[in-house]
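S.K.: The structure under discussion is supplied below as structure tokens; questions concerning it will follow.
Where a number appears in this text, it was derived from the coordinates with a stated rule and is not lab data. Predicted model only: the values in this text are computed from it and were never measured. Ideal geometry is used to build each Cβ from the backbone, glycine not excepted, and the neighbour counts take in all protein chains shown.
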Amino acid sequence: MNEEQRIKKVMIAIIVVLLTAIICLGAIILLDLKETNKSGILLTDEGRENIQLKPITIQGFSEFHAKSDEVTQEFTFCNPKDNNCYMDIEFLLPDGTKLFEVKRIEPRYVIKKVEFLKTLKNGIYENCTFNINCYSMNDDSKLNGAAMNVTLYVR
Amino acid sequence: MNFDIKKIICAFLSLVVVLATPVYASEEIVSANVSYYCDDYFYIQIPSNIVVGDECPVTAVDINISPTKTVYVDLIGDPNTYITIYNENNLSESLDVYFLNHDGNNLEPTNMNLVSFGYGDNGISKSFSTYVSDTTGKQAGQYTGTAMFSIRCE
């Protein structure tokens, strides 16, 4: 009976040690994740765990159709729900003129319309740039982003 | 009376024959082409952060493009084939991060492509990697920066 009790105590001690180790490891990983989230590119210190954050899903397109001489335009763009970042978007004409911008689009939000900063005449505007800048939802630090080459058709 | 009925039937049949006769001379077949082009769209997953030295996956989450087109993910250098990252404690200290494309080759000014995806590549992941050339004499500490990727469908 005494032997059984001793084995039981040893088993309980082992389980407690294992649970403590698991909790500590989890806390370390969480802390490291928070720290890694500070920027898009990180040069790791010696001995530091390498942890990749959740990737950013970006909606891509290559053409944009707009109406001539109108400010309000239909334009669908979403920050997919799986993302963990805000998105700032801006559309630049080939000469660098900003056509519109929308800031801090939260995950799962969809834009249906945008307001052009200037009206455009009929034509095909090649080599426009659509910039997507991403920001951490934890500390608003800048993450990696993307830019797209878009052809704007105005009719 | 019988004569009248015959006359009426004859007149009716004549009218039916006349109406049923096709008028070939005035027939005109007009055809019109109906077409509609669905724009290409795609969803690409890029890494939100890059740990220098690690493999960085880029994933084609959903690709709906013409079979003749390809989605290219390029690095936008500043303005070279590398990205500069800065010491968080001393912004005058910097390191250059170089990129290796999916095939393990260094990027070139004329070819900044990291990975590319074709028609039907849904769910496919391709990786690129990074390295720093020389850290000799560089101040200790954490260096950070961001990368911009150019995504184009051509």
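S.K.: What average number of partner chain Cβ atoms lie no more than 10 Å from the Cβ of the residues making up B:52-62?
M.R.: Values: counts 5, 3, 5, 1, 4, 2, 1, 2, 1, 7, 4.
Per-residue shielding by partner chains comes out at 3.
S.K.: If you don't mind, there's one more thing I want to ask. So if R0 is 51 Å, what FRET efficiency would residue B:39 and residue B:7 give, r being the distance between their Cβ atoms, rounded to the nearest 0.05?
M.R.: 0.15
S.K.: While we're on this one: Considering only DSSP states other than H, G, I, E and B, which trypsin sites (Lys or Arg not before Pro) in the range A:71-115 qualify as loop sites with at most 16 other Cβ atoms within 10 Å? Mind dumping the intermediate values first?
M.R.: Values: sites: A:81, A:98, A:103, A:104, A:108, A:112, A:113; in loops: A:81, A:108.
Loop-located and lightly packed - A:81, A:108.
S.K.: Follow-up. When you look at the Cβ of every residue in A:60-72, what mean number of other chain Cβ atoms sits within 10 Å? Each step should come with its number before you reach the end.
M.R.: On the way: counts 15, 6, 11, 5, 1, 1, 0, 0, 0, 0, 0, 0, 0.
Taking all residues of A:60-72 together, the mean is 3.
S.K.: Just tell me the longest site-free run in chain B, where the sites are chymotrypsin sites (Phe, Trp or Tyr not before Pro) in a DSSP loop having at most 15 other beta-carbon atoms within 10 Å.
M.R.: Working: sites that count: B:36, B:37, B:119.
Maximal segment without exposed cleavage sites: B:38-118.
S.K.: Any of A:81/B:138; A:67/A:103; A:118/B:69; A:81/A:113; A:98/A:142 with alpha carbons more than 30 Å apart? Name them for me.
M.R.: Pairs exceeding the cut-off: A:81/B:138; A:118/B:69.
S.K.: What is the magnitude of the charge dipole of the range B:55-106 about its Cα centre, with +1 placed on the Cβ of each Lys and Arg, -1 on the Cβ of each Asp and Glu, and no other charges, expressed in debye to the nearest 20? Walk me through the numbers on the way to the answer.
M.R.: On the way: 1 positive and 8 negative charges, 53 e Å.
I would put it at about 260 debye.
S.K.: Related question: About its Cα centre, how strong a charge dipole does the range A:63-154 have in debye, to the nearest 20, once Lys and Arg get +1 and Asp and Glu get -1 at the Cβ? Write out the running numbers ahead of the final one.
M.R.: Working: 11 positive and 14 negative charges, 31 e Å.
For this selection, approximately 140 debye.
S.K.: Please determine, in degrees from 0 to 90 and to the nearest 10, the orientation of helix B:2-20 with respect to the longest principal axis defined by the Cα atoms of chain B, where the helix direction is its Cα long axis.
M.R.: Once rounded, one gets 20 degrees.
S.K.: Considering Cα pairs under 8 angstrom that are at least six residues apart, work out the relative contact order of the range A:51-122 and quote it in whole percent. Working shown, then result.
M.R.: On the way: 122 pairs, mean separation 27.0, N = 72.
Relative contact order here is 37 percent.
S.K.: Further question: Cα extents of the range A:63-154 along the three principal axes, largest first, in whole Å?
M.R.: 43, 23, 19
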